[in-house]
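The values are calculated or read from the model by the stated rules, or taken from the named source; none is laboratory data. Only a predicted model underlies this, so the values are computations on that prediction, with no experimental measurement involved. Using ideal geometry, Cβ is built from the backbone for each residue, glycine included, and neighbour counts are taken over all protein chains shown.
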């Protein structure tokens, strides 16, 4: 149903102009007294009106309120250099305690099945309210990474804990390196919830001589992008991002 707008008043219209107007559209005949039927104008109903210039504002990002961060995972955590060296002062300057643990040659399955229960020991020792995990660099060449989904979800469950309030969690996906099949990161992204997933695969990072582990300079770039994601919930787009590959 369309609403009608009626303009009541005294108008003087030349017969020729009136006939010309009638030749384009047949006016709707009005039965209301005192209104010239030829002056009835169709107007869109309220439901049809769209203000093209109005956009719903994006909800404000809720910055995580944390006090103790435990950063763990494989050797890309950086030991005392690389990513750890760059992230530590960023968190410290924000008033957040930062603890790092690097595990050489750790993979998703081996970390989950670890007989020493390294993850559980670290969580108990540092009592973090947020965990960052770097894991997957040693799994990038797996031809069918979907077989790791059970282990990925198991690690996430252990990180979240069984307390009344789950820990905050960020899973940092591995930066690409040859011969990366580019299959693992999509599986991680789909399987790490409720941990937030940070995709590093398109970052151009300076590497050490092994062409795998980032240098301190590469760690600075990596940390800058992750910390921006932590603070805003958004991806930082700059010259360090290379679409289709970061090796």
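I'm trying to understand the selection: among the residues of region 206-220, which are without any contact (Cβ under 8 Å) to a residue 60 or more places away in the chain, surrounded by 13 or more Cβ atoms within 10 Å (Cβ to Cβ) and within 21 Å of residue 180 (Cα to Cα)? Lay out the reasoning, then the answer.
Here is the first cut: in region 206-220, the residues without any contact (Cβ under 8 Å) to a residue 60 or more places away in the chain are 206-211, 217.
Remaining after also requiring surrounded by 13 or more Cβ atoms within 10 Å (Cβ to Cβ): 206-208, 217.
Residues satisfying the conditions are 206, 207, 208.
Looking at this structure, is residue 164 farther than 15 Å from residue 73 by Cα, at pLDDT below 95 and either crowded, with 22+ Cβ neighbours inside 10 Å or more than 19 Å from the chain's Cα centre (by Cα) (or both)? Quick ask: steps written out before the conclusion?
On the way: farther than 15 Å from residue 73 by Cα: yes; at pLDDT below 95: yes; either crowded, with 22+ Cβ neighbours inside 10 Å or more than 19 Å from the chain's Cα centre (by Cα) (or both): yes.
Against the criterion (farther than 15 Å from residue 73 by Cα, at pLDDT below 95 and either crowded, with 22+ Cβ neighbours inside 10 Å or more than 19 Å from the chain's Cα centre (by Cα) (or both)), residue 164 qualifies.
Inspect region 234-246 for any residue being more than 23 Å from residue 64 (Cβ to Cβ) and either at pLDDT 95 or above or in contact with a helix residue (DSSP H, G or I) (Cβ under 6 Å, 6 or more places away or on another chain) (or both) and give the result as yes or no.
Scanning region 234-246 turns up at least one residue that is more than 23 Å from residue 64 (Cβ to Cβ) and either at pLDDT 95 or above or in contact with a helix residue (DSSP H, G or I) (Cβ under 6 Å, 6 or more places away or on another chain) (or both).
Which ones in region 104-131 are in contact (Cβ under 8 Å) with a residue 40 or more places away in the chain and closer than 25 Å to residue 181 by Cβ?
Of everything in region 104-131, those that are in contact (Cβ under 8 Å) with a residue 40 or more places away in the chain and closer than 25 Å to residue 181 by Cβ turn out to be 108, 109, 111, 112.
If you scan region 198-208, which residues turn out to be modelled with pLDDT under 95 and out of contact with any strand residue (DSSP E or B) (no Cβ under 8 Å at 6 or more places or on another chain)?
Residue satisfying the conditions is 201 alone.
Going through 194, 174 one at a time, which residue ends up being touching a strand residue (DSSP E or B) at 6+ places or on another chain (Cβ under 8 Å), surrounded by 14 or more Cβ atoms within 10 Å (Cβ to Cβ) and part of a loop (DSSP other than H, G, I, E, B)?
Numbers: 194 fails: surrounded by 14 or more Cβ atoms within 10 Å (Cβ to Cβ).
Every option except 174 fails the conditions.
Taking residue 39 as the residue in question, decide whether it is at pLDDT below 95 and more than 24 Å from the chain's Cα centre (by Cα).
Details: at pLDDT below 95: yes; more than 24 Å from the chain's Cα centre (by Cα): yes.
When the stated conditions are applied, residue 39 passes them.
Tally up the residues in region 221-236 that are surrounded by 16 or more Cβ atoms within 10 Å (Cβ to Cβ) and touching a strand residue (DSSP E or B) at 6+ places or on another chain (Cβ under 9 Å), please.
Going through region 221-236 one residue at a time, the tally reaches 6.
On the given criteria, is residue 197 touching a residue at least 40 places away in the same chain (Cβ under 8 Å) and closer than 17 Å to residue 169 by Cβ? Please lay out each step first, then the result.
Values: touching a residue at least 40 places away in the same chain (Cβ under 8 Å): no; closer than 17 Å to residue 169 by Cβ: yes.
Taking the combined requirement at face value, the residue does not satisfy it.
Do any helices (runs of 4 or more DSSP H) entirely within region 79-165 hold 1 or more residues that are at positive phi, and if so, which? Lay out the reasoning, then the answer.
Details: elements: 82-93, 108-112, 118-126, 149-160.
Here the list reads 82-93.
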